[in-house]
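First the structure, then my questions, so here it is.
The values are calculated or read from the model by the stated rules, or taken from the named source; none is laboratory data. Just so it is clear, the structure is predicted and the values come from calculations on it, not from any experiment. So basically every Cβ, Gly included, is an ideal-geometry build from the backbone, and we count neighbours across all protein chains shown. The accessibility values were calculated without ligands, DNA or RNA, using every heavy atom of the protein model including side chains. Shrake-Rupley method; radii C 1.70, N 1.55, O 1.52, S 1.80 Å.
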Amino acid sequence: MIAVAMALLFAAACIAVAQRARAARRAVARLQERELSFRMALWASGQRYWDFHVPTARLRYLVAKHDGSRSYDFSSEEADPAAVIHPDDLPGVVDTMHRHVAGETPEFASEHRVRADSPVSTRGDWVWIRARGRAVEFNPDGTILRLAGTSLDIGRSRAVERENRIASEVLRSMSEAVAVLDAQFRFLSVNPAFARITGHDAADVTGRGAAVLDSLEHDPSSGRAMREAVARDGRWSGEMWQRQRNGEEFLCAVEAATVLGSDADGGRMYVLMLSDITLHKRAEEELRYLANFDALTDLPNRSLLAERLSRAIVRARREGSRVAVLFLDLDRFKDINDSLGHAVGDRILRAVAARLQQAVGHGQIVARLAGDEFTVILEDLAVPEDAERVAREIIMAFEAPLLPEDGQEVSVSASIGISLYPDHAQVPTELLKRADAAMYQAKAAGRRTWMRYDDSMETAIRRRATLAGALHKALDRGELRVVYQPRQSLASSRITGAEALLRWSSPEHGEIPPADFIPLAEENGMILEIGEWVLREACLAQRRWREHGLSDLTVSVNMSVLQLLRGDFAEVVRRVLDDTGVPPQALELELTESVLMANATQTAQKLQAFRELGVSLAIDDFGTGYSSLAYLKRLPITTLKIDQTFIADLCHDREGASITTTVIAMAHGLGLVVVAEGVENEAQARFLAQHRCDEIQGYWVSQPIDAMSCMAFIHNRQLAAGQRAGAVGAP
């Protein structure tokens with residue numbers, strides 16, 4: 001029995017051992033299975049296991065390695081954290097660890113760099129990891145003995161995040177609007193510039209179609225065509241009108257591209273970039289306009305004129321027709337501009353441009369070259385006389401006063417030069433040059449007329465340029481002199497005064513008529529210096545006459561418009577009178593009618609300064625301009641001189657005689673002294689005396705003579721007059 005019992009016990013023990021062995025094997029198998037699962041989880045997630053023993057401050061890595069046969073082993077090594085973690089990151093990692101050990105944080109979490117040769121990574125010098133862990137073992141007193149956790153190599157994801165941040169920041173800072181759209185062209189996202197340019201923020205457009213930006217005022221199909229093109233070709237670029245949220249249209253440059261993804265449907269998206277170029281295009285158009293049009297008058301400028309004239313010549317050559325160039329220059333516009341101011345001058349030029357375009361018709365080319373120079377191109381002319389007809393119509397169009405924007409009436413006239421293709425030139429520059437030459441001849445002919453170019457004008461232009469150069473030296477060389485033409489009273493036959501006249505005798509060019517060189521002096525400004533010299537010479541002559549007993553004479557000096565407009569000329573006159581000792585009442589200043597009436601209101605204000613000095617004022621060449629009687633009576637003038645063109649026709653032209661008698665009566669009605677210029681015979685003098693003209697001047701009285709001869713002439717006339725008076729009174 002005992003033996004049986006022992007056997008039974010032994011058998012039971014064996015069974016128990018076997019059961020324990022089987023249980024142990026099952027436990028080992030389960031452990032191995034869990035371990036394999038753990039390894040697989042680590043490998044699949046790319047994470048590494050670590051634990052940290054707090055008392056020894058040693059860090060142990062357990063790295064799951066893949067040997068290619070899909071079996072995994074753990075390897076372990078211990079290291080000082082300071083040798084593994086980057087020195088710049090170590091203080092932060094230690095601080096985070098201490099706070100967790102102290103119970104301040106529920107877990108340990110850190111992103112830092114570790115050496116690449118540590119078990120956590122095999123790439124690069126230093127790599128970024130994200131480590132997480134918590135306490136897993138404690139001392140009996142409850143303090144933490146060991147921490148464990150995992151780490152993940154985040155170098156690649158950090159690089160991606162960095163690139164994403166950079167891309168996001170670039171999008172936010174871009175001045176161009178950028179939008180991402182899905183395969184149906186619905187908005188997915190937009191950058192801030194999109195809201196600034198279009199007025200739509202992300203909330204407005206997300207989920208809506210791109211048609212929300214399509215223009216309603218321009219081609220409505222352009223947006224649809226763009227979307228079809230980018231869907232078909234993968235890319236599209238161009239300019240198109242789009243619509244802002246407030247409905248305002250803007251022009252934009254568009255770049256659109258397709259982005260393909262990896263979704264089942266291809267993941268197609270579209271990136272749209274918009275740049276508002278409305279202001280840029282407007283600036284381009286303004287620059288293009290400024291390059292081709294005159295900003296003041298909106299007429300074509302010199303550049304565009306040359307282009308259009310070239311085209312007109314090409315058409316005329318092909319069709320065998322003529323082209324005319326009319327070169328127009330306003331008469332004495334500089335005087336008007338200086339007297340009224342440049343702002344008013346600009347308004348006058350705009351009115352001139354409108355009047356000129358109206359006169360020739362909008363089918364013809366009208367351009368402004370510079371200043372007060374305009375050009376008209378006439379095409380398809382049958383005969384040259386057609387150009388003269390248009391020139392005549394232009395001059396007649398300016399008979400009526402202009403009414404600029406400020407409402408003040410201004411009278412202007414124009415001189416026109418005409419050149420013809422192919423008669424006078426074959427190229428635009430030569431046509432313009434010869435029309436310009438003809439225009440100067442029109443001015444020399446008396447202004448307010450036109451001249452057609454001929455070859456003799458080239459000689460005149462060259463002579464004009466030569467005289468302009470010589471005039472600069474004439475005063476210094478003593479080539480200028482002053483002569484005097486006496487004036488006679490018709491009532492008493494006495495000499496009442498003399499007019500100072502300028503003469504130029506050049507050793508190279510001989511005697512040069514005043515009509516040739518005085519306009520040159522006015523153009524180049526020398527008339528100011530020359531005019532003051534003439535004034536002083538005349539006053540010195542007057543002083544000598546007075547010293548010789550001729551104290552009741554008046555000397556007349558012509559005043560240029562430039563002198564009138566110069567603000568200090570009244571002071572110049574006062575100074576000359578003081579220097580020479582001539583009383584103001586012995587001096588008379590003459591201005592032409594056209595100068596006085598160019599701006600009668602302002603002229604009256606300037607002339608008042610001379611009257612306050614006591615100087616007499618005369619209107620010269622009366623009848624050649626366009627006087628307004630309303631203004632004439634406001635001018636502080638004392639004398640009116642009838643132009644010699646009317647005097648020449650007195651004895652054989654009834655109209656001339658009627659005009660002269662009417663002017664005499666009108667002047668007397670205004671209380672003015674009337675002087676007739678250009679009297680050359682006794683019949684004219686008798687007619688003027690019969691109609692109560694006050695004084696006469698001309699070759700019948702005396703030709704212009706120097707100061708000493710003039711004094712002798714006056715003495716002799718006074719002596720003769722006295723003898724006649726004595727003979728009449730003798731018993």
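Can you spot a residue in segment 479-492 that is more than 30 Å from Leu640 (Cα to Cα) and crowded, with 18+ Cβ neighbours inside 10 Å?
yes
Kindly indicate whether any position in segment 280-291 is surrounded by 17 or more Cβ atoms within 10 Å (Cβ to Cβ) and either among the aromatic types (Phe, Trp, Tyr) or not in a helix (DSSP H, G or I) (or both). Walk me through how you get there before you give the answer.
Filtering segment 280-291 down to residues surrounded by 17 or more Cβ atoms within 10 Å (Cβ to Cβ) leaves none.
No, the conditions are met nowhere in segment 280-291.
Sort out which residues of segment 384-399 are in a loop (DSSP other than H, G, I, E, B) and open to solvent by 50 Å² or more (accessible area, probe 1.4 Å), and write them in order of number.
Glu399
How many of the residues making up segment 558-583 are among the hydrophobic types (A, V, I, L, M, F, W, C) and at pLDDT 90 or above?
Residues in segment 558-583 being among the hydrophobic types (A, V, I, L, M, F, W, C) and at pLDDT 90 or above: 5 in total.
Only residues that are under 25 Å from Gly678 (Cα atoms) and either open to solvent by less than 20 Å² (accessible area, probe 1.4 Å) or hydroxyl-bearing (Ser, Thr, Tyr) (or both): list them for segment 503-524, please.
Once the filter is applied, which keeps residues that are under 25 Å from Gly678 (Cα atoms) and either open to solvent by less than 20 Å² (accessible area, probe 1.4 Å) or hydroxyl-bearing (Ser, Thr, Tyr) (or both), segment 503-524 yields Trp504, Ser505, Ile512, Phe517, Leu520, Ala521.
Follow-up question, since we're still on this one. Within the set of pairs 6+ apart or on separate chains, which have a first residue in segment 341-365 that is of a type in the set (Gly, Ala, Ser), a second that is at pLDDT below 85, and C-beta atoms under 7 Å apart?
Once the first residue is of a type in the set (Gly, Ala, Ser) and sits in segment 341-365, its partners that are at pLDDT below 85 give Gly345/Ile336; Gly345/Asn337; Ala351/Leu402; Ala351/Leu403; Ala351/Pro404.
I'm trying to understand the selection: among the residues of segment 236-248, which are under 12 Å from Gly199 (Cβ atoms) and open to solvent by less than 40 Å² (accessible area, probe 1.4 Å)?
Selection gives Gln242, Gln244, Gly247.
In addition: Can you confirm whether Arg99 is at pLDDT 75 or above, open to solvent by 50 Å² or more (accessible area, probe 1.4 Å) and in contact with a Leu (Cβ under 7 Å, 6 or more places away or on another chain)?
No; evaluated as a whole, the condition is false for this residue.
For residues that are without any contact (Cβ under 8 Å) to a residue 24 or more places away in the chain and part of a loop (DSSP other than H, G, I, E, B), tally how many sit in segment 660-679.
The qualifying residues number 1.
Cβ contacts < 6 Å: first residue in a helix (DSSP H, G or I), restricted to segment 158-171; second residue at pLDDT 75 or above and surrounded by 11 or more Cβ atoms within 10 Å (Cβ to Cβ), any location; separation 6+ or different chain. Result?
Arg158/Trp128; Leu171/Val178; Leu171/Asn191
Do we find that Gly155 is among the small types (Gly, Ala, Ser), touching a Phe, Trp or Tyr at 6+ places or on another chain (Cβ under 6 Å) and under 30 Å from Pro106 (Cβ atoms) in this structure? Can you show your working first?
Values: among the small types (Gly, Ala, Ser): yes; touching a Phe, Trp or Tyr at 6+ places or on another chain (Cβ under 6 Å): yes; under 30 Å from Pro106 (Cβ atoms): yes.
The answer is yes for Gly155.
Please give the number of the condition Met396 fails out of (1) within 22 Å of Thr297 (Cβ to Cβ); (2) in contact with a strand residue (DSSP E or B) (Cβ under 9 Å, 6 or more places away or on another chain).
Result: Met396 fails condition (2) only.
Another question about this same structure. Out of all the residues in segment 696-731, which are modelled with pLDDT of 90 or more and of a type in the set (S, T, N, Q)? So that I can check it myself, show each step before the final result.
Pass one, segment 696-731, residues modelled with pLDDT of 90 or more: 696-714.
Answer for segment 696-731, where residues must be modelled with pLDDT of 90 or more and of a type in the set (S, T, N, Q): Gln697, Ser702, Gln703, Ser709.
Could I ask something else about it? Within the bounds of segment 427-440, is there any residue that is open to solvent by 30 Å² or more (accessible area, probe 1.4 Å), touching a residue at least 12 places away in the same chain (Cβ under 8 Å), within 27 Å of Ser303 (Cα to Cα) and more than 34 Å from the chain's Cα centre (by Cα)?
no
Just to be sure, is Leu635 at pLDDT 75 or above and closer than 20 Å to Leu340 by Cβ?
yes
Would you pick out the residues in segment 317-366 that are among the small types (Gly, Ala, Ser), crowded, with 17+ Cβ neighbours inside 10 Å and assigned to a helix (DSSP H, G or I)?
Let us first name the residues in segment 317-366 that are among the small types (Gly, Ala, Ser), namely 320-321, 324, 339, 341, 343, 345, 351, 353-354, 359, 361, 363.
Of the ones still in play, those that are also crowded, with 17+ Cβ neighbours inside 10 Å are 324, 339, 345, 351, 353, 359.
Hits for segment 317-366 are Ser339, Gly345, Ala351, Ala353, Ala359.
OK, next. Would you kindly identify the strands (runs of 3 or more DSSP E) lying entirely within segment 458-573 that contain at least 2 residues that are more than 45 Å from the chain's Cα centre (by Cα) and in contact (Cβ under 8 Å) with a residue 12 or more places away in the chain?
By residue number, 480-489, 495-506, 554-558.
Quick check on segment 179-195. Is at least one of its residues open to solvent by 30 Å² or more (accessible area, probe 1.4 Å), hydroxyl-bearing (Ser, Thr, Tyr) and at pLDDT below 85?
Scanning segment 179-195, I find no residue that is open to solvent by 30 Å² or more (accessible area, probe 1.4 Å), hydroxyl-bearing (Ser, Thr, Tyr) and at pLDDT below 85, so the answer is no.
Follow-up question, since we're still on this one. Return the residue satisfying two criteria in turn: it lies in segment 378-426 and is among the polar types (S, T, N, Q) and more than 31 Å from the chain's Cα centre (by Cα), and of such residues it is nearest to Phe333 (Cα to Cα).
Top of the filtered list is Ser419.
Rundown of residues vs (1) surrounded by fewer than 14 Cβ atoms within 10 Å (Cβ to Cβ); (2) at pLDDT 90 or above; (3) of a type in the set (A, V, I, L, M), yes/no style:
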position	(1), (2), (3)
Gln585	yes, yes, no
Glu590	no, yes, no
Leu596	no, no, yes
Arg611	no, no, no
Asp621	no, no, no
Asp643	no, no, no
Cys651	yes, no, no
Val674	no, yes, yes
Asp694	no, yes, no
